[in-house]
1. Look at region 144-182 and say how many of its residues are closer than 19 Å to Tyr59 by Cα and part of a helix (DSSP H, G or I).
2. Return the residues of region 101-147 that are under 15 Å from the mean Cα position of the chain (by Cα) and among the small types (Gly, Ala, Ser); say none if nothing qualifies.
3. Exactly one condition in (1) modelled with pLDDT under 95; (2) more than 20 Å from the chain's Cα centre (by Cα) is false for Leu72; which is it?
4. Which condition does Gly164 not pass, out of (1) in contact with a strand residue (DSSP E or B) (Cβ under 9 Å, 6 or more places away or on another chain); (2) over 15 Å from Ile51 (Cβ atoms); (3) of a type outside the set (A, V, I, L, M); (4) surrounded by fewer than 20 Cβ atoms within 10 Å (Cβ to Cβ), if it passes all the others?
5. Taking only pairs six or more apart or across chains, which ones have beta-carbon atoms under 7 Å, a first residue in region 108-126 that is more than 30 Å from Ile150 (Cβ to Cβ), and a second residue that is surrounded by 16 or more Cβ atoms within 10 Å (Cβ to Cβ) and of a type in the set (Lys, Arg)?
6. How about region 87-120: which of its residues are at pLDDT 95 or above, touching a Ser or Thr at 6+ places or on another chain (Cβ under 7 Å) and of a type in the set (Lys, Arg)?
7. Please indicate, with yes or no, whether at least one residue in region 130-151 is among the β-branched types (Val, Ile, Thr), out of contact with any Ser or Thr (no Cβ under 9 Å at 6 or more places or on another chain) and closer than 29 Å to Arg179 by Cβ.
8. What are the pairs with Cβ atoms under 6 angstrom where one residue, in region 37-54, is under 20 Å from Arg179 (Cα atoms) and surrounded by 15 or more Cβ atoms within 10 Å (Cβ to Cβ) and the other, located anywhere, is modelled with pLDDT of 95 or more and of a type in the set (Ser, Thr, Tyr)? Sequence gap at least six, or different chains.
Amino acid sequence: MNKITLKAFFIALMLSPLLMSAQEYSVTLFNNIVFYDGYATPSTLPTPEGIVRIDNSRYAKKLSDQEMDGLLKTFEVQVKIGALCDNYDRIGGVFVSLVPKGQPVTSADKQTIEVGRFITPFMNKNKMPDEVPYQFELHHLLGLFKDQAIRQEYDIWFELYVFGVPYAANTQVAGCAGRNDVFEGTLILNSSNTGYDRGQFFIKPLANNINFNNYNATDVPGQQLELSILNWIIL
């Protein structure tokens, strides 16, 4: 081995730990997916391959084995919400659903975890900024995606939820007359090999999202309270 080759070999040997520590993985699940009027009949427009429109405010995509295997030692979810024809602040969130293997994401037997919640700002699609980012550090979820027993029993889905209505924007925002598209959303999973130790984890069911429905103006017990989502927390 000549001197130049030997020198290059030792440089590569010294750099290899640094290259490994800087390893990163990223996958985009939703790319500018369009949300529609949350009160309207669900849109029948086609969705990108692999994406399910649960309703106008919620989309879902199943993680593949390749996507879960690609996750490294850290885990973050990056969300970007773009303005369309809703110029008010609205609630949104990111969810992980465990669906019995082979069943649809709408299955009554799915278990849902809320992993991120956000409020959109007042935005006008004709004015900057017309997009807002959100970042969620979720290192503690890695054990869920790496657990082979869970993966054999469940399909794991990500859901992106943004509720909006276009009624004010139809008259207040130029170019929104007659439209019912309210926001667009992007969701990206990011992971890196920076040495985070996820340790042991367990899953415990908790009720953390309750809708109070009093539209019928009733005080009759049991008629005005509706439990909407049973979520899990991972510790």
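1. 0
2. Gly116
3. (2)
4. (4) is the only condition that Gly164 fails.
5. Here the result reads Thr120/Arg90, each pair linking region 108-126 to a residue that is surrounded by 16 or more Cβ atoms within 10 Å (Cβ to Cβ) and of a type in the set (Lys, Arg).
6. Answer for region 87-120, where residues must be at pLDDT 95 or above, touching a Ser or Thr at 6+ places or on another chain (Cβ under 7 Å) and of a type in the set (Lys, Arg): just Arg90.
7. Taking region 130-151 first, the residues among the β-branched types (Val, Ile, Thr) are 132, 150.
Next, only the ones that are out of contact with any Ser or Thr (no Cβ under 9 Å at 6 or more places or on another chain) stay: 150.
Within this subset, residues satisfying the condition of being closer than 29 Å to Arg179 by Cβ are none.
The answer is no, given that none of the residues of region 130-151 is among the β-branched types (Val, Ile, Thr), out of contact with any Ser or Thr (no Cβ under 9 Å at 6 or more places or on another chain) and closer than 29 Å to Arg179 by Cβ.
8. Within 6 Å, the pairs are Gly38/Ser57; Ser43/Tyr36; Arg53/Thr47; Arg53/Tyr59.
The values are calculated or read from the model by the stated rules, or taken from the named source; none is laboratory data. As the structure is a computational prediction, the values presented were derived from the model and not from experiment. With ideal geometry, Cβ positions are generated from the backbone for all residues, glycine too; neighbour counts draw on all protein chains shown.
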